[in-house]
Amino acid sequence: MSPGPCESPMRPQPYVVRGVRRETHDVFTLELEPAGDAAPLAFGPGQFTMLYAFGMGEVPISISGDPAGNTMLVHTIRAVGTVTRALERCRKGDVLGVRGPFGTCWPVDEAAGKDVVLAAGGIGLAPLRSVMYRLLARRERYGRIALLYGTRTPEDIVYRDELEEWRGRLDLNVQVTVDRAGSDWRGNVGAVTTLLPRAEFDPANTVAMFCGPEVMMRFTMLALMKRGLQAEQMYLSMERNMKCGIGLCGHCQLGPFFICKDGPVFPYDRVKWLFGREEI
Amino acid sequence: MKTLEPILREHPFFEGLEPSYLALIVGCASNVVFKAGDVLFRDGEEANLFYLIRHGRLALELTSERGPFTMLTIGDGEILGWSWIIPPYHWHFSARAVEDTRAITLDGNCLRAKCEEDHHLGYELLKRFARILEDRLRATQLQLLDVYCPYPGEKR
């Protein structure tokens, strides 16, 4: 069961910016704390909130922190539009509005006893970071865990320190690749699908979760199906123009689904007929 | 002395291949070691080998007037090179070891001769290389789409 928004889902709650961290030239992470005596937000991995930069507007942003964590609500954001650029200008002590959490969660509990493959593209690593926290908190419950992360260039890698820490663990297979790099880059070059041969898992007993551009997820799913995974073993996070967060306004409708309410996390077999269709 | 036969037999590339064919292929195989920075071959050179990477990492590079450009890295368990089977048998990129790398080379001249003698063997190898070609083609398509660029058309 996914945690739902408390009180009125349409009323933003004030949150104070407690930390700002620069991830890349256009990606940053905000740590937010409820103003006053308000309780921390309970959320599940995969859920999102609507962040309100007062006077500018609201944007849907995945929660990228630890679901079992402390009082901080963590969001990693790419500055690409008016609102996200306003959020980028936030400094410690500034106040933002937060609505949520909204949407469905990654099937972390359902993956217990199985191998887990996480494939992230670009800033799609943000919502899967919450999954990693949850998996690592109960590491003994899972089989092999592979995190495959692809991004554009070495300069676009987010969560560098954390990735390095995870790469050093013997109970994780963490692989990073970039689409293009200079000759000084010592890591992998190539699409995220090129990492799949390096991930060991039992295709009959694996859950795979993807987040990134849809075409990247589609190629990754095709590659995993060649390895023997079935559609019902794969989950993905869809992105559309979420506005209300509760399936009322219809801005994020995709076929019969409201991404904000029925998603953003879907089992692939539920949405595969919609995938890659231009006319929807 | 341990032969290369068990290593080849356990490699996914040769999975399901008849033992008699594997025995033929072992006759064309040898161990090689590269140090980080070594160049395995250069763009335009004659391609008479392919490589099974046992351990390490290789960068496949193209060179333009702006210098070398890495288009792909490959590592443990992966296959490098199909130009030995496609006339005129020339490499279309360069390969350089990024890390110390152990590999098995297979002699393309030797294999081509065996494939000409036995077309069933040739077809088995072609099927396996076609799968690698398809995987690399898909990966290259995804790379070319530049899907992580937030600003379409942006160059940086």
Would you work out the relative contact order for chain A, in percent, from Cα pairs under 8 angstrom that are 6 or more residues apart?
18 percent
Show that you can apply the helix-only estimate: for chain A, add -39,500 (n - 2.57) for every DSSP H stretch of four or more residues, divide by all residues, and state [θ] at 222 nm to the nearest 500.
-4500 deg cm²/dmol
Using a 4.7 Å cut-off between beta carbons, which cysteines in chain B end up with no partner cysteine at all?
B:CYS115, B:CYS149
Of A:ASP94, A:ASP262, A:ASP184, how do they rank once you tally other Cβ atoms within 10 Å and put the fewest first?
A:ASP184, A:ASP94, A:ASP262
Percentage relative contact order, segment A:193-236, counting C-alpha pairs under 8 Å, at least six apart
53 percent
If amide H atoms are built 1.01 Å from N in the plane of the peptide, which residues on other chains or at least 5 residues away come under 5 Å of the amide H of B:LEU40?
B:ALA95, B:ARG96, B:ALA97
Leading residue at positive end of dipole, segment A:149-280 (Cβ point charges), from A:GLY250, A:CYS260, A:VAL189
A:GLY250
With point charges of +1 on the Cβ of Lys and Arg and -1 on the Cβ of Asp and Glu, referenced to the Cα centre of segment A:25-118, which listed residue (A:THR84, A:VAL117, A:PHE48) lies farthest in the positive direction of the dipole?
A:THR84
Compute the convex hull volume of the Cα atoms of segment B:5-145, divide it by the residue count, and report the result per residue in Å³ as a whole number.
109 Å³
Counting helices only, and only those DSSP H runs with n ≥ 4, report the 222 nm mean residue ellipticity of chain B as the sum of -39,500 (n - 2.57) divided by its residues, in deg cm²/dmol to the nearest 500.
-10500 deg cm²/dmol
Can you run phi through the Karplus equation (6.51, -1.76, 1.60; θ = phi - 60°) for segment B:24-40 and list ³J(HN,Hα) in whole Hz, with x for Gly and Pro?
5, 5, 4, x, 9, 9, 8, 7, 9, 10, 10, 8, 3, x, 4, 9, 6
Normalising by the residue count of chain B, find the relative contact order in percent from Cα pairs under 8 Å and 6+ residues apart.
27 percent
Convex hull volume of segment A:13-102 per residue (C-alpha atoms, cubic angstrom):
85 Å³
When segment B:75-156 is reduced to its Cα atoms, the Kirkwood hydrodynamic radius in Å
15.6 Å
Could you pull the Cα extents of segment A:134-280 along its three principal axes, largest to smallest, in whole Å?
47, 36, 31
Hey, what do the phi angles of segment A:53-61 turn into as Karplus ³J(HN,Hα) couplings, whole Hz, using 6.51/-1.76/1.60 and θ = phi - 60°, x for Gly and Pro?
8, 3, x, 10, x, 10, 9, x, 9
Within 10 Å of each residue's Cβ, count the other Cβ atoms and sort B:MET71, A:MET217 from fewest upward.
B:MET71, A:MET217
About the Cα centre, and with charges only on the beta carbon of Lys, Arg (+1) and Asp, Glu (-1), how big is the dipole of chain B? Nearest 20 debye, please.
320 debye
List every residue whose amide H lies under 5 Å from the amide H of A:VAL117, counting only residues 5 or more places away in sequence or on a different chain, with H placed 1.01 Å from N in the peptide plane.
A:ALA146, A:VAL207, A:ALA208, A:MET209
Cut-off is 10 Å between beta-carbons; in what order do A:SER8, B:SER83 appear when sorted fewest neighbours first?
A:SER8, B:SER83
The convex hull of the Cα atoms of the protein assembly as shown, divided by residue count, gives a volume in Å³ per residue of 164 Å³
If I model a spin label at A:ALA38 and A:ASP202 as a point 7 Å from the Cα along the Cα→Cβ vector, what separation in nanometres do I get?
4.6 nm
Mind checking B:68-78 for the average number of partner chain beta-carbons within 10 Å of each residue's beta-carbon?
5
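The numbers here are math on the coordinates, done by the rules we state, and not lab data. Keep in mind that what you see is a predicted model, and the values were worked out from it rather than measured. Every residue, glycine among them, receives a Cβ derived from its backbone with ideal geometry; neighbour counts consider all protein chains shown.
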